[in-house]
Amino acid sequence: MLDLHRLPVVDSHCHAFLPEKETKSFEEYLTLSDLAIPSEHLTSTLLYRQVLNELSRLLGVRGKDSKVIEERQKLYRRDPADYIGLLFDDAHIETLLVDTGFPTMVSDGYVIGRDEFSRLTGADVREIFRIENVVFSLVADGLPYGEAVERFRGEIDAAVGRGAVALKSIIAYRTGLDVHRWDEEKVKRAYSALLKEVKDGKPAREVMRARNQETKAVYDSFILTGVEESVRHHVPFQIHAGFGDAPSIDLKLARPILLHDLLNDPAMKDARIVIVHGGYPWVEEAGFMVNSYPNLYIDLSEAIPHSTVGVKAKLLALLEMAPTSKIMYGSDGFNVPELHWIAAIAAKRGLSEVLGEIVSSGTLDEGQALATAKRFLSENARRLYGV
């Protein structure tokens, strides 16, 4: 096995958090479900076990889980930055590309600025700008279609101007990945219909989360415009594919292959599009697509660490076809720093095992395997995002 422990990490997709917003029991932050899962089930997941075992090692606490968590709580509350630094130094996390679409004031009641999060984590923090939040505000504010398109472009201009290194879409959560072009008159009529619903008293959040032809036409149109804007600004465009927060995500709408129309749209050929989350559980499918499209990339955020003992298998599945120059590490960490940390630990361990097998098979030598690990953990992201 290769020793990858000290290699630097660029987390190419994650979220900010504030220590004072942690109000639930620790295990409740180690799930993707928005539903109330009994503690006995949360603490019997392998992710929970991995986190507790690694915390026990790092904090030097042996014995019951409660003792490990008690020590964690004490250190985190006494000096959050110092505790986060302990975690990030252990995993050698240097740079965080943060999706600022969560948390937000509208949905979560708080935000954390890039500079503040950088001070808290000690990492180089860069912004990923989520475009659905803009579309929501356009409808909520009742802007006419023409003005809405102009403001949409202006918001992207402003985000890139303040340093955003990528745009991002979560259209998989809304109306699905089968994004295609609509006749502009249909889009205008659909947009007007949404405005009317809001004007008539229906909450904008409810209007924009409905899965119907009106919302699909509007979202599809703005997604395509967003990708075009990413080309104009020379920044990548991340797109959520595969699993996510349950039950919000409908996996039937989130399969990577549904991106076929978007990827084959002539206007998209110069875009650099990143499938985030590895398209889990369709990792082989996503790997084939990354192999087939010169402008398509992929990260394994969320798939690492949540696939736990499956990390090795998912890495192997992706490496079957995807070029090693187009695969990136990410955590999709949120709410608590341990998710950012355990993902990096799990990624290095799984990658070491996988590359060891590949070296044993004679496909790569040790130098080539180490170069592959460096590309995956940091270099591919630095080159793609310019960080």
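The values are calculated or read from the model by the stated rules, or taken from the named source; none is laboratory data. Values in this document were obtained by computation on a predicted structure and should not be read as measured data. Neighbour counts are summed over all protein chains in view; Cβ atoms, including those assigned to glycine, are modelled from backbone coordinates with ideal geometry.
Some points to look at:
- Each residue in the stretch 85-129 was checked for being within 18 Å of the chain's Cα centre (by Cα), of a type in the set (Lys, Arg) and either surrounded by fewer than 17 Cβ atoms within 10 Å (Cβ to Cβ) or under 12 Å from Phe17 (Cα atoms) (or both), and 1 of them qualify.
- Condition broken by Leu167, with the remaining ones in (1) part of a strand (DSSP E or B); (2) out of contact with any helix residue (DSSP H, G or I) (no Cβ under 6 Å at 6 or more places or on another chain) satisfied: (2)
- Selected residue (only one of Ile358, Ile345 is of a type in the set (A, V, I, L, M, F, W, C), out of contact with any Gly (no Cβ under 8 Å at 6 or more places or on another chain), free of Cβ contacts under 8 Å to residues at least 60 places away in the same chain and within 24 Å of Thr308 (Cβ to Cβ)): Ile358
- Out of Val218, Val179, sole residue that is part of a helix (DSSP H, G or I) and among the hydrophobic types (A, V, I, L, M, F, W, C): Val218
- Pairs, first closer than 23 Å to Phe88 by Cα in the stretch 310-333, second polar (S, T, N, Q) and not in a helix (DSSP H, G or I), C-beta under 7 Å, six or more apart: Met328/Ser12; Tyr329/Ser12; Gly330/Ser12; Gly330/Ser301; Ser331/Ser301; Asp332/Ser301
- Filter result for the condition that a residue is assigned to a helix (DSSP H, G or I) and crowded, with 18+ Cβ neighbours inside 10 Å, over Glu20, Glu27, Glu40: Glu27
- Any chance Asp261 is surrounded by fewer than 16 Cβ atoms within 10 Å (Cβ to Cβ), assigned to a loop (DSSP other than H, G, I, E, B) and out of contact with any Leu (no Cβ under 7 Å at 6 or more places or on another chain): no
- Failed item in (1) in a helix (DSSP H, G or I); (2) more than 17 Å from the chain's Cα centre (by Cα); (3) buried (at least 18 other Cβ atoms within 10 Å of the Cβ); (4) not β-branched (Val, Ile, Thr), with Ala271 passing the rest: (1)
- Residue in the stretch 299-310 that is in a loop (DSSP other than H, G, I, E, B), of a type in the set (Asp, Glu) and touching a helix residue (DSSP H, G or I) at 6+ places or on another chain (Cβ under 8 Å) present: no
- The set of residues from the stretch 199-212 being of a type outside the set (Lys, Arg), outside any loop (DSSP other than H, G, I, E, B) and out of contact with any helix residue (DSSP H, G or I) (no Cβ under 7 Å at 6 or more places or on another chain) comprises just one member, Glu206.
- Residue check, Glu353 of a type in the set (Asp, Glu), surrounded by 21 or more Cβ atoms within 10 Å (Cβ to Cβ) and either in contact (Cβ under 8 Å) with a residue 24 or more places away in the chain or touching a Phe, Trp or Tyr at 6+ places or on another chain (Cβ under 6 Å) (or both): no
- Matching residues, the stretch 196-213, being more than 25 Å from Asp250 (Cα to Cα) and in contact (Cβ under 8 Å) with a residue 24 or more places away in the chain: Lys199
- The residues listed here are Pro256, Pro294, Pro203; of these, the one that is in contact with an Asp or Glu (Cβ under 6 Å, 6 or more places away or on another chain), at pLDDT 95 or above, more than 25 Å from Gln50 (Cβ to Cβ) and not aliphatic (A, V, I, L, M) is Pro256.
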